[in-house]
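Reading through the structure tokens given below for one structure.
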Amino acid sequence: MDNEIENVEFNQIINDHLKPYIRQIDEKAYYAKEFLNAVGKAGFFSSNFLQKEDVHCREIYIIEETAKYCMTSAFTLWCHLAALASFRLSNNPFISSHLLPLFESGDALAGTGLSNAIKYYAGLERIRLKAKRTDGGYTISGSLPNVSNLDHDHWFVILASLNEKQRIICSLPVNVDGLVLESKTNYIGLNGSATYSGFFDNVFIPDKWIISEEADGFIPKVRPILALYQIPLGIGVSQAAIESIVKSHLKDIEVNQHLKPKPTELINKLQIVRNRTYEYARYADLSTIGKEILLTRLDIAKLTPEVVHAEMLYSGGQAYIQGNDTFRRLRESYFLVNLSPTITQLETLC
């Protein structure tokens, strides 16, 4: 599909299935499931007949465009794409032939519970889920404090420890026996992300749902993709904030000329990060530039709060009105700072 046609089609999906619900998402914990389904049904999750690099570029683009309007929904989009990235890297025939097509079509959606795994490999957390080998698969016990993009018919991806030397990556549907989910909606900027705590009591995972039995080798392959796909969350929010800053600046140049940073300075900083992100997306093997991706993820985690803080200053009193987009973006930026890998993790890894 031609890129220009794709862009027009994707923006129409945003107009129809996302824009009318942004305040509900932010204030009423509305989960924009229909938006994600529409994105999938339009073919934006499909990797068929595409080079890996083209898949990366397109998926970065749709996260970025979504984040311009609603970073919570862009984050749920990231969750689904993070799960897809894990499925695509699996050597399990059942996942490749049955699960992957289901999630690439948009007929089913998925979240990712790999935050604990990322923190574990950064040396910041113990593994929360324990696995035991049993006939035809594994049983999983333990708990995860936060798993996002879940609904009654969704799947998600987890890591569990079999012993001190082996960890496994699994996929599972939310309706399995032994799994209890508790909704979490007390966030200041993430209420519509369909986030839950998960409690596992001997949950059976058949072999056909195992993504990898060697997580130590799998995580270095998937982690750069997950980090790369988080960068456009900040790019989209920052672009929307800069557009607002430019409008405010032009409205009252005499007053705003004394404010810093200047719009041009922020535009230039963001363009550098954006260019670098799409440059990295063109690498066939992202694991070869893992550190560069993490450094850029750190850059956007620091730049986005700077941009939205500037937007608050340029917007003035109207930014403090309930339901204002400027204040929403400020709250969204705080989430980006604490999204795994957090700034603390990134500083450790880099």
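Would you check which residues across segment 281-294 are of a type outside the set (Val, Ile, Thr), touching a residue at least 60 places away in the same chain (Cβ under 8 Å) and either surrounded by 14 or more Cβ atoms within 10 Å (Cβ to Cβ) or touching an Asp or Glu at 6+ places or on another chain (Cβ under 9 Å) (or both) and list them?
Answer for segment 281-294, where residues must be of a type outside the set (Val, Ile, Thr), touching a residue at least 60 places away in the same chain (Cβ under 8 Å) and either surrounded by 14 or more Cβ atoms within 10 Å (Cβ to Cβ) or touching an Asp or Glu at 6+ places or on another chain (Cβ under 9 Å) (or both): ALA281, ARG282, TYR283, ALA284, LEU286, GLY290, LEU294.
Take the conditions (1) part of a helix (DSSP H, G or I); (2) open to solvent by 40 Å² or more (accessible area, probe 1.4 Å); (3) farther than 30 Å from LEU226 by Cα; ASP299 misses just one of them, which is (3). Say we look at segment 295-323 and pick out the residues that are without any contact (Cβ under 8 Å) to a residue 24 or more places away in the chain and of a type in the set (A, V, I, L, M, F, W, C); which of these is farthest from ALA241 (Cα to Cα)? Here the residue is ILE321.
The strands (runs of 3 or more DSSP E) found entirely in segment 133-187 that carry 1 or more residues being touching a His at 6+ places or on another chain (Cβ under 8 Å) and within 19 Å of ILE95 (Cα to Cα) are 167-173.
THR264 meets each of the listed conditions (1) without any contact (Cβ under 8 Å) to a residue 60 or more places away in the chain; (2) loosely packed, with under 13 Cβ neighbours inside 10 Å; (3) not in a helix (DSSP H, G or I) apart from (3).
Against the criterion of being surrounded by 20 or more Cβ atoms within 10 Å (Cβ to Cβ) and in contact with a strand residue (DSSP E or B) (Cβ under 8 Å, 6 or more places away or on another chain), ILE205 qualifies. Can you find even one residue in segment 209-220 that is under 17 Å from the mean Cα position of the chain (by Cα) and not β-branched (Val, Ile, Thr)? Within segment 209-220 (the criterion being under 17 Å from the mean Cα position of the chain (by Cα) and not β-branched (Val, Ile, Thr)), the answer is no, since none of the residues qualifies. So is LEU349 of a type in the set (A, V, I, L, M), in contact (Cβ under 8 Å) with a residue 60 or more places away in the chain and either open to solvent by less than 20 Å² (accessible area, probe 1.4 Å) or under 15 Å from ALA240 (Cα atoms) (or both) or not? Against the criterion (of a type in the set (A, V, I, L, M), in contact (Cβ under 8 Å) with a residue 60 or more places away in the chain and either open to solvent by less than 20 Å² (accessible area, probe 1.4 Å) or under 15 Å from ALA240 (Cα atoms) (or both)), LEU349 does not qualify. Among the residues of segment 208-222 satisfying the criterion of being more than 21 Å from GLU164 (Cα to Cα) and in contact with a Gly (Cβ under 9 Å, 6 or more places away or on another chain), which is surrounded by the fewest Cβ atoms within 10 Å (Cβ to Cβ)? Going through the qualifying residues, I end up with LYS208.
The values are calculated or read from the model by the stated rules, or taken from the named source; none is laboratory data. Just so it is clear, the model here is predicted, and its values are computed rather than measured. Don't worry about glycine lacking a Cβ; one is built from the backbone with ideal geometry, like all the others, and counts go over all protein chains shown. To get the accessible areas, we keep the full protein, side chains included, count just its heavy atoms, and leave off ligands, DNA and RNA. Shrake-Rupley method; radii C 1.70, N 1.55, O 1.52, S 1.80 Å.
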